[in-house]
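Only one structure is covered here, and it is reproduced in the block below.
None of the figures in this text is laboratory data; all of them are computed from the coordinates on show. In this text, all values refer to a predicted model and were calculated from it rather than measured experimentally. Ideal geometry is used to build each Cβ from the backbone, glycine not excepted, and the neighbour counts take in all protein chains shown.
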Amino acid sequence: MAAHETNEVGQGPAERQGGGDSQAARTHLSAAGLRARGWTAGMVRQLLGEPDLLRVNPHVRAAPRIRLYRVERVEAAERSEEFRAVSAAAVRRSAAARVAARRRRREVLARIAAEPIEVPRLAPHQLAALAVEHRDRRDTEQAYERRGPLPDGATLRGGSAGAAAALDRWKVDYLLQRLARYDELLNGLHGGAGRIAAEEFLRRRVYAAITEAYPFLAQECERQLSGGNSDAGATSM
């Protein structure tokens, strides 16, 4: 079959008899199978071109059809000098990308370590009032999103331990929202373990700065660092 020709599995005699998929699995390679052999998407486009078969996705029929390439054509391409040259170039690019990613991670971690985390210093009564106002605003925004009734203003009356703990949580959440700008320190890092580690490092630095500024919030900061609930949805920290 010429490289520019394609057939859809399910149209030929073998496919009409129900053996098309199993036969294709023995004689053709999918994109995943090619990746396992060291092919990149660019190499497939350059050396193989159009697929030999198009198969309906068995899991999501509305998804793009699966592209299949004859094993003989793949093996012939892999024996060519062009494949060896292109493959070597792809390996070099991959290695260079890994080195660049490690360098970006080191730079971001150094930036996070060096950046002073400036927590707003507020009088206790002012911090409490702003924290309640912040909670009230978030409750109202969430009510609009849910198209539900608007809540009463957030208030904490009485001196119970539960009320004090809730107010501490609101205070930390308010301060986290004020410190959300430090998320910009993560710029340059994308998904993966490096990003996760940098986010955790920044998160711990921010909570440490809040604890230093407001020692009475140390227990709540530790609770949230340990996985306790926070209402600070406006920030990734």
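Among Q46, A32, A100, which residue has its Cα positioned farthest towards the positive end of the charge dipole of the range 26-114, with +1 placed on the Cβ of Lys and Arg, -1 on the Cβ of Asp and Glu, and the dipole taken about the Cα centre?
The listed residue farthest towards the positive side: A100.
Once you put a point 7 Å from the Cα of A89 and another 7 Å from the Cα of E141, both along the Cβ direction, what distance in nm separates them?
Reported label-point gap for A89 and E141 is 4.8 nm.
Would you please classify the overall shape of the range 17-123 from the alpha carbon gyration tensor, given that a ≥ b ≥ c denote the square roots of the eigenvalues, rounded means a/c under 1.5, and beyond that prolate means a/b larger than b/c while oblate covers the rest?
Taking the square roots of the gyration eigenvalues as a ≥ b ≥ c, the range 17-123 is oblate.
Using a simple charge model, +1 on the beta-carbon of Lys and Arg, -1 on the beta-carbon of Asp and Glu, nothing else, what dipole does the range 20-103 show about its Cα centre, in debye to the nearest 20?
Computed about the Cα centre, the dipole is about 500 debye.
Roughly how big is the range 73-130's charge dipole about its Cα centre, with Cβ charges of +1 (Lys, Arg) and -1 (Asp, Glu), in debye to the nearest 20?
The dipole magnitude comes to about 160 debye.
Give me the one-decimal nm value for the distance between modelled label points at R35 and A110, 7 Å along each residue's Cα-to-Cβ direction.
3.3
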